[in-house]
Amino acid sequence: FPQIEKIIRSDLSLLKVLSPILKLFLPNTRFRKMLVAVENKLLEECDYRIEGNNQQKALELFKGHQHIEIPEVLYSSKNLLLTSYVPSSSLVDYLKTADRDKKNRLLNSLFEFFFKYLKDQSSFISM
C-alpha cells in the first residue's frame, strides 16, 4: 500500500495531540512514550528492507527444517520485497484433510517457529 507510511504518521500525530486528554482519564499511563514505540514499530513494518532482513534471519534459523520452509529473499528495497516461490496449500485446506498426527506436527512446528524466532528477535521481545 504505497501511502501507508504517510497515513500511519498522520493518524499517530493526531493521537499524540490527544494524548494529554487521554492522560486525564488514565493518569498513570505514558501515552506519548507508548505512541512513539508503536509508531517506530509500525513504520519499521513499512520498510521492506527490514522485513527482508527479518525473513533472511528466519530462513537461516530454519534452514533444513523438516516442516518449515521460508522463502529466500531475492531483493528488498524500502517499498518492495521479492522472494522465491514456495508452493504450498492454504492452512484452511490443510486442516480440512489432515489427520490428528499431522495437525499435531503442524502445531509443534508453529510453536517451534514462533518461540525460536521470538528468541532470536530480541528487539521484539524488549518492546
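Each of R9 and R105 was given a label point 7 Å from its Cα along the Cα-to-Cβ line. The distance between the two points is 4.8 nm. Among the chymotrypsin sites (Phe, Trp or Tyr not before Pro) in the stretch 1-102, those placed in a DSSP loop whose Cβ has at most 15 other Cβ atoms within 10 Å are Y85. Considering lysine pairs in the stretch 33-118 that are 8 or more places apart or on different chains, how many have Cα atoms under 19 Å apart? Qualifying lysine pairs in the stretch 33-118: 6. Shown here: log10 I(q)/I(0) by the Debye sum over Cα atoms at q = 0.14, 0.15 Å⁻¹, derived from the displayed model; of the candidates (1) -0.99, -1.03; (2) -0.60, -0.70; (3) -0.85, -0.92, it corresponds to (3).
The helix-based estimate of mean residue ellipticity at 222 nm for the chain, built from -39,500 (n - 2.57) per DSSP H run of four or more residues and divided by its residue count, is -21500 deg cm²/dmol to the nearest 500.
Hey, with R₀ at 30 Å, roughly what FRET efficiency would F114 and V17 work out to, going by the Cβ-Cβ distance, to 0.05? It comes to 0.25.
Provide the gained length on full extension for the span T97 to I50, in nm with one decimal, where the gain is 0.36 nm per separating residue minus the Cα-Cα distance.
Values: separation 47, 0.36 × 47 = 16.92 nm, distance 3.59 nm.
My answer for the length gained is 13.3 nm.
Under a 5 Å amide H cut-off, with hydrogens placed 1.01 Å from N, T83 pairs with L74 among residues at least 5 apart or on other chains. With the cut-off at 1.5 for a/c, could you classify the stretch 43-97 from its C-alpha gyration tensor as rounded, prolate or oblate? Prolate is the answer for the stretch 43-97, as a/c is 1.5 or above and a/b outweighs b/c. Per-residue SASA remark: E45, around 100 Å² accessible (1.4 Å probe; ligands, DNA and RNA not included). Applying the Karplus relation 6.51 cos²θ - 1.76 cosθ + 1.60 with θ = phi - 60° to the stretch 46-58 yields 3J(HN,Hα) values of 7, 9, 5, 5, 5, 4, x, 5, 5, 5, 5, 4, 5 Hz, where x marks Gly and Pro.
The values are calculated or read from the model by the stated rules, or taken from the named source; none is laboratory data. Nothing here was measured: the structure is a model prediction, and the numbers come from that model. Neighbour counts are summed over all protein chains in view; Cβ atoms, including those assigned to glycine, are modelled from backbone coordinates with ideal geometry. Calculation scope for accessible area: heavy atoms of the full protein, side chains included, ligands and nucleic acids excluded. Shrake-Rupley method; radii C 1.70, N 1.55, O 1.52, S 1.80 Å.
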